[in-house]
1. Exactly one of these conditions fails for LEU84: (1) open to solvent by less than 50 Å² (accessible area, probe 1.4 Å); (2) within 11 Å of the ligand (Cβ to nearest atom); (3) not hydroxyl-bearing (Ser, Thr, Tyr). Give me its number.
2. With the structure loaded, tell me whether VAL120 is part of a helix (DSSP H, G or I), hydrophobic (A, V, I, L, M, F, W, C) and surrounded by 14 or more Cβ atoms within 10 Å (Cβ to Cβ) or whether it fails that test.
3. Looking at (1) in contact (Cβ under 8 Å) with a residue 60 or more places away in the chain; (2) open to solvent by 30 Å² or more (accessible area, probe 1.4 Å); (3) over 20 Å from LEU32 (Cβ atoms), which one does ASN74 not meet, given that it meets all the others?
4. Are there any pairs, at least 6 apart or on different chains, whose C-beta atoms fall under 7 Å, with the first in region 46-61 and over 11 Å from ALA34 (Cβ atoms) and the second assigned to a loop (DSSP other than H, G, I, E, B) and open to solvent by 60 Å² or more (accessible area, probe 1.4 Å), and if so, which?
5. Any residue in region 158-167 that is modelled with pLDDT of 95 or more, within 11 Å of the ligand (Cβ to nearest atom) and open to solvent by 50 Å² or more (accessible area, probe 1.4 Å)?
6. If you take the residues of region 70-89 that are modelled with pLDDT of 95 or more and part of a helix (DSSP H, G or I), which of them is nearest to the chain's Cα centre (by Cα)?
7. So, LYS125, is that one within 16 Å of the ligand (Cβ to nearest atom), of a type in the set (Lys, Arg), assigned to a helix (DSSP H, G or I) and open to solvent by 30 Å² or more (accessible area, probe 1.4 Å) or not?
8. Only residues that are more than 13 Å from the ligand (Cβ to nearest atom), open to solvent by 60 Å² or more (accessible area, probe 1.4 Å) and in contact with a Leu (Cβ under 7 Å, 6 or more places away or on another chain): list them for region 128-157, please.
Amino acid sequence: MKRLAILASGSGSNAEKIMEHFQNSEIAEIALVASNKADAFVLERAKKFDVPTFTFSRKEMDAGVLLQKLQQENIDWVILAGFLLKIPVELTRAFPDRMVNIHPALLPKYGGKGMYGSFVHEAVKAAGEAETGITIHLVNENYDEGRIVFQASTPLTSDDTPDSIAEKVHALEHKHFPEVIEGLL
Ligand code: GAR
C-alpha cells in the first residue's frame, strides 16, 4: 500500500476528488493533507475523509519541517493539488520521480513564476486562445518543467471568461487527475 500526501494551498476540490478516488483503494491511501494556509478549505475536506492534516509556514517548509513530517509519515508519493509555494530543492530531491503536480494550462504555455490559478486563465483569455487544458507532470527543481505525463485540452470560444475557463479546466482536472496518479503509482 502506497502512502500519499497531498499538498494544497486553497479550496482543495482536486484533493477531494483524489481522496474520494482512493477511499477504498487497495493500492494507495491518502495518509496526509498538508497546507501552508491554516484556513485553507482543503483542511475541512480532509476532515470529512478522516485524513490527518498538517499546516506549516513558508519559513518552516524552507527550514525542512515539511520534509521531516513527510519522512516521519513514511510518505511514498507527494501530490501537489493547487499548492502555490515554490518547493525547496531538498524536498524535490527527497522524492525523485515521486512528486506530481497539476497545472491548469497546456505547458509549456502559461507556466513559470506567477502563473497559477486565476492568473493562468486571465492570460489564456487575454491571448485569445482557441483551447486550453491541463498538464500533469513530475516535479523537478525547475517548477513547471518536469516530465509531462498527461495532458488534456478543451476548446474555448470568444464568449469564454476567465471564470468559465477555470470551470472547464477544473472539470478536466477532476476527471483525470485521480486516475493519472493511480497509473503512476
Ligand atoms: C487547480 O486548477 C490547479 O491546477 C491550480 O490550482 C487550482 C487549485 O484548485 N494549480 C496551479 O495553478 C499550480 N501552478 P483546487 O484547490 O480546487 O483543487
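The values are calculated or read from the model by the stated rules, or taken from the named source; none is laboratory data. Keep in mind it's a predicted model, so treat the numbers as computed, not measured. Methodologically, a virtual Cβ is constructed for each residue, glycine included, from the backbone with ideal geometry; neighbour enumeration extends over all protein chains shown. The accessibility values were calculated without ligands, DNA or RNA, using every heavy atom of the protein model including side chains. Shrake-Rupley method; radii C 1.70, N 1.55, O 1.52, S 1.80 Å.
1. (1)
2. So VAL120 fits the description; yes.
3. ASN74 satisfies every listed condition except (3).
4. Cβ pairs passing all conditions: PHE49/GLN23.
5. yes
6. LEU70
7. Yes, satisfied.
8. ALA130, GLU131, ARG147, ILE148, SER153 - these are the residues of region 128-157 that are more than 13 Å from the ligand (Cβ to nearest atom), open to solvent by 60 Å² or more (accessible area, probe 1.4 Å) and in contact with a Leu (Cβ under 7 Å, 6 or more places away or on another chain).
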